[in-house]
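Q: Just dropping this structure here.
The values are calculated or read from the model by the stated rules, or taken from the named source; none is laboratory data. Treat the numbers as computed from the prediction; the structure is a model and nothing was measured. Cβ: placed from backbone, ideal geometry, glycine included. Neighbour counts: every protein chain shown. For accessibility, only protein heavy atoms count, side chains too; no ligands or nucleic acids. Shrake-Rupley method; radii C 1.70, N 1.55, O 1.52, S 1.80 Å.
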Amino acid sequence: MSVLDAGGIPTDLFVTSAVNSYLAGRLGRPVSSGQTEDAIGCLYRLSLLSLDTDQPARAVRVHALVQRVTRESFSTADLATTARAAAEAILEVWPDEEYELHISLRSNARALLQYTQAHLWTSNARRLLLLVGDDLAD
């Protein structure tokens, strides 16, 4: 969440295999989508994020200061791993249609690029940058 758009992140992003793999790597044990959803619920109860289920394309919002503090605690390697996982998650949920979700995913990709640019160009995540560019051209 710390490398994505503070204005809203789609809930679908957090139940992707990319996020589950990322969390499993960080925790050293398998993580299910249900556990990820439970963790989001805990963060909500602790007021570390807000949820708006009426807007699924921008349902999860994290204050920019919380994002910044989290990002600044990452090592360079952790930031690179987080950037790749976020990019892969966006690619997993990228729809063929659904305009609102496209707008949200583009703004999340833009935030990801702003915070982790160097890490995106040197990985398979650069596919996201090409996809967003094509989407904007369309």
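Q: When Lys and Arg each count +1 and Asp and Glu each count -1, what net charge do the other residues less than 10 Å away from residue 15, Cβ to Cβ, add up to?
A: After counting each charged neighbour, the total is -3.
Q: Right, here's the next one. Could you order the peptides 7-19, 83-95, 52-64, 28-40 from most to least packed, using the average number of other C-beta atoms within 10 Å per residue?
A: Highest-to-lowest ranking by the protection proxy: 83-95, 7-19, 52-64, 28-40.
Q: Which shape class, rounded, prolate or oblate, goes with the chain when its Cα gyration tensor gives a ≥ b ≥ c as root eigenvalues, a/c under 1.5 marks rounded, and past that a/b bigger than b/c marks prolate?
A: Numbers: a/c = 1.41, a/b = 1.13, b/c = 1.25.
The shape class here is rounded.
Q: Report the relative contact order of the chain, percent, no decimals, based on alpha-carbon pairs under 8 angstrom and at least 6 residues apart. List each step's numbers first, then the result.
A: Details: 172 pairs, mean separation 46.5, N = 138.
Once divided by the residue count of the chain, the mean separation gives 34 percent.
Q: I would also like to ask the following. Among the complete DSSP H segments of the chain, which ones combine at least 20 Å of alpha-carbon extent along their axis with a mean Kyte-Doolittle hydropathy of -1.0 or more?
A: On the way: long enough: 76-93 (26 Å, 0.66); 99-121 (28 Å, -0.27).
Both cut-offs are met by 76-93, 99-121.
Q: Tell me the carbon and sulfur percent of the accessible area for the chain, rounded to whole percent, probe radius 1.4 Å.
A: C and S fraction of accessible area: 53 percent.
Q: Keeping all protein chains in place, calculate the accessible area per residue for the chain (probe 1.4 angstrom), answer in Å².
A: With the other protein chains kept in place, the chain gives 56 Å² per residue.
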